[in-house]
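What follows draws every value from the coordinates through simple rules; no lab data is involved. Only a predicted model underlies this, so the values are computations on that prediction, with no experimental measurement involved. Quick reminder, even Gly has a Cβ in these numbers, built from the backbone with ideal geometry, and neighbours come from all protein chains shown.
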Amino acid sequence: MTTLQLKNIVKRYKGQTVLDLSLDVADGERLVLFGPSGAGKTVLLRLVAGVIDPDEGRVLIGGEDMTDVDAEHRGVGMAFQNFALFPHMSAFDNIASALTARRFSKEAIAAGVEKVARLLKIDHVLSHHPKALSNGQKQRTALARALVGSPPLLLLDDPLRNVDAKLRFEMRLELPRLLAAQGATVIYVTQDYKEAMALGDRIAVMFEGQLRQIGTPADIYDTPAELEIARLFGDPTINLLDVVPQRGPDGAFAELSGVRLRLPGFGPEIVGRACVLGVRPENITFTEASAVGAIPVTVEAETPLNEKTVTLTLTARRREILVSRPAGMPGPQAGPAHLAVNSRATLLFDKGSGRL
Ligand code: ADP
């Protein structure tokens, strides 16, 4: 285990700044880097690994300044999304290649490779060359190579991107246990919010080379700092509705379909201001027309989301709202219906995107 500190790191390509941030990762922590394509996640990993150098700033691993230390002397394990396996070597030799530079005995190498292969359930294909491995087995081989030397710092670049949905689901459950058993400090890159939430002790959200929010999965899901961050989490994604809060007898409210929705915790400071109201689909339920605060809507369409959930598209005075409900249960038919919104779970953003 080890700590990682990135201090005032700047990386430029052709005059363009692609990374500009500071970041601290605690000993034994699993930190997920999450953000859209091009945000700088891979550049950050490559900087930590020592494959590329920063233009400014320092990289400290275990408290030691490693900025000018070569990649092979940083004690870092890496697995990439494209596997990067040697095609002319067996799975065994691919995994062992992480150890051969370190003068272990043949027996110690074999024992290490077999142990990690058993853990990753690829011990039966160790003699195969990559072309005879399925994508899932290739991915596990690449992961095994990263894990085998028990590096104190492990960098995983979207390792599940190229595997099928079933294996991705299994690995999402397995990997946290595997990584915890390894005891390493882990930086894990993904573009899948479910993977980020399942694997991260904390999630660092990146946009355009900058760190925009860092926190536990629950922090980021429940209190996203910006509208763009709110939008990255959830399936179906958060409903975002333009509102102009008004003054009511017990605080501010927003109007939806002519019905007042209280905005707990907000007062005169937001009255008359153009805002965006964020409501996650799970915080909306159907209710009776006679219920207090029931919001009239029209059910327009129903689409299966997965085997367990269907998504309903509704309109409330031409505004579109998405809700989800369990599949296989009787639900509202196309046509008029009424909604209840859990007002305590709503989020309010200003038009400049920050959360209010
Ligand atoms: P992510 O991993 O978040 O998808 P990357 O870290 O790969 O994003 O890339 C961040 C930015 O840096 C992108 O705009 C990319 O085009 C640029 N970039 C990365 N590597 C190079 C390079 N070797 N030369 C020029 N630009 C690069």
Each residue of the range 123-131 in turn: what ³J(HN,Hα) in whole Hz from Karplus with 6.51, -1.76, 1.60 and θ = phi - 60°, glycine and Pro shown as x?
5, 7, 10, 5, 7, 6, 7, x, 5
Based solely on C-alpha atoms, express the radius of gyration and the Dmax of the range 83-136 in angstrom.
10.9, 31
Taking a straight Cα-to-Cα line shorter than 20 Å from K14, and setting aside same-chain lysines fewer than 8 residues away, one finds K41
Check which residues have an amide H placed less than 5 Å from T287's amide H, if you skip close sequence neighbours.
H338, L339, A340
How many nm separate the modelled label positions at S127 and V69, each set 7 Å beyond the Cα in the direction of the Cβ?
4.0 nm
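Using a 10 Å cut-off around each Cβ, can you sort S134, S324 from fewest to most neighbouring Cβ atoms?
Numbers: S134 13, S324 20.
The most exposed by this proxy come first: S134, S324.
Which entries in K131/K166; K115/K166; K7/K106; K106/K138; K194/K351; K106/K166 show an alpha-carbon gap greater than 29 Å? Walk me through the numbers on the way to the answer.
Details: K131/K166 21 Å; K115/K166 24 Å; K7/K106 40 Å; K106/K138 23 Å; K194/K351 27 Å; K106/K166 36 Å.
Listed pairs above 29 Å: K7/K106; K106/K166.
Taking the Cα centre of the chain as origin and charging only Cβ (+1 Lys, Arg; -1 Asp, Glu), how large is the dipole, in debye to the nearest 20? Mind dumping the intermediate values first?
Numbers: 41 positive and 41 negative charges, 95 e Å.
For this selection, approximately 460 debye.
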Rounded to two decimals, what is the ratio between the C-alpha radius of gyration of the chain and 2.2 N^0.38 Å?
1.19
For the range 42-53, 3J(HN,Hα) per residue [Karplus equation, 6.51 cos²θ - 1.76 cosθ + 1.60, θ = phi - 60°, Hz, x = Gly/Pro]:
5, 4, 4, 4, 5, 5, 5, 5, x, 6, 10, 9
Taking a point 7 angstrom from the Cα of L60 along the C-beta vector, which residues in the range 147-163 have backbone N less than 20 Å away?
152-154
Arrange the peptides 171-180, 139-148 so that the one whose residues have, on average, the most other Cβ atoms within 10 Å appears first.
139-148, 171-180
Which whole-number value in Å³ per residue fits the convex hull of the alpha carbons of the range 166-324?
160 Å³
If one compares the long axis through the Cα atoms of helix 91-100 with the longest principal axis of the Cα atoms of the chain, the angle in degrees, nearest 10, works out at 70 degrees
